[in-house]
Amino acid sequence: MIRNISMKITDIMYGRNLLKSDELDMFCYGMEIIISSIINVGMIIAISLTTRKLMFGIIFLLFIIPIRMITGGFHAKTYICCSLVFSVSFVLALLFNEYFSENYYKYIGLINCISSICYFRFSPMENRFKPLTDFQIKTFKTASTFIFLIGGFFGIIFNKNCFIKELSIILLIVTILFFLGKGEQNYEKGHNGY
């Protein structure tokens with residue numbers, strides 16, 4: 001569905017001479033990403049409104065989107081699966097936020113501090129279809145390590161602050177998605193030999 005809508009938009013833009021023929025594939029892919037992103041954000045807002053946790057949903061989006069852009073991690077093979085994984089991640093974050101006691105946040109903070117070592121070693125996780133430059137790799141590795149180290153310490157020390165609690169949960173969710181992606185990447189390397 002997303003692909004069809006993107007192709008129709010691309011055809012309209014090409015028909016109006018707003019695109020050159022060599023730009024069609026790139027534009028169509030860009031439209032797919034934009035439409036998919038709008039759907040994902042819309043789903044999080046809808047779940048937030050349904051559960052009466054709109055502020056949590058907004059904070060979730062403000063934290064998770066840039067952090068995932070820096071760290072990389074699990075990438076679904078279809079847009080439907082992507083939306084499902086993103087929504088389930090948000091529901092897990094909501095559940096963690098609702099049911100974790102104050103003591104758990106210290107442990108989550110500790111997990112996030114330890115995760116910073118893994119991010120220093122393994123991040124960013126590149127998408128094989130979108131390789132990163134050496135500068136991007138170095139920058140993203142440093143940024144993700146810093147985010148998890150500082151976020152982890154804040155999670156341990158300031159675990160009563162609602163923004164720090166939410167950040168701690170989001171960092172934990174990102175870590176889970178990162179290791180799912182790393183596992184998938186290693187599985188594909190073993191089976192596809194790339």
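The values are calculated or read from the model by the stated rules, or taken from the named source; none is laboratory data. These numbers were taken from a predicted model, which means no experiment stands behind them. Glycine gets a Cβ as well: all are built from the backbone with ideal geometry, and neighbour counts include every protein chain shown. Quick note on the areas: whole protein, heavy atoms, side chains included, nothing else; ligands and nucleic acids left out. Shrake-Rupley method; radii C 1.70, N 1.55, O 1.52, S 1.80 Å.
Output yes when any residue across the range 125-143 is open to solvent by 20 Å² or more (accessible area, probe 1.4 Å), touching a residue at least 24 places away in the same chain (Cβ under 8 Å) and assigned to a loop (DSSP other than H, G, I, E, B), and no when none is.
Within the range 125-143, one or more residues are open to solvent by 20 Å² or more (accessible area, probe 1.4 Å), touching a residue at least 24 places away in the same chain (Cβ under 8 Å) and assigned to a loop (DSSP other than H, G, I, E, B).
A single member of Thr71, Thr10, Thr50 is touching a helix residue (DSSP H, G or I) at 6+ places or on another chain (Cβ under 6 Å) and over 19 Å from Leu167 (Cβ atoms), and it is Thr10. Scanning the range 163-185 finds no residues that are surrounded by 15 or more Cβ atoms within 10 Å (Cβ to Cβ), touching a Pro at 6+ places or on another chain (Cβ under 6 Å) and modelled with pLDDT of 75 or more. Going residue by residue through the range 19-35, is there one that turns out to be under 14 Å from the mean Cα position of the chain (by Cα) and part of a helix (DSSP H, G or I)? The answer is yes, given that some residue of the range 19-35 is under 14 Å from the mean Cα position of the chain (by Cα) and part of a helix (DSSP H, G or I).
Among the residues of the range 48-74 satisfying the criterion of being assigned to a loop (DSSP other than H, G, I, E, B) and touching a residue at least 40 places away in the same chain (Cβ under 8 Å), which is surrounded by the most Cβ atoms within 10 Å (Cβ to Cβ)? So that I can check it myself, show each step before the final result.
At the first step, the residues of the range 48-74 found to be assigned to a loop (DSSP other than H, G, I, E, B) are 51-53, 72-74.
Applying the additional criterion that residues be touching a residue at least 40 places away in the same chain (Cβ under 8 Å) yields 51, 53, 72-74.
Details: Thr51: 14, Lys53: 18, Gly72: 24, Gly73: 22, Phe74: 21.
Only one residue tops the list, namely Gly72.
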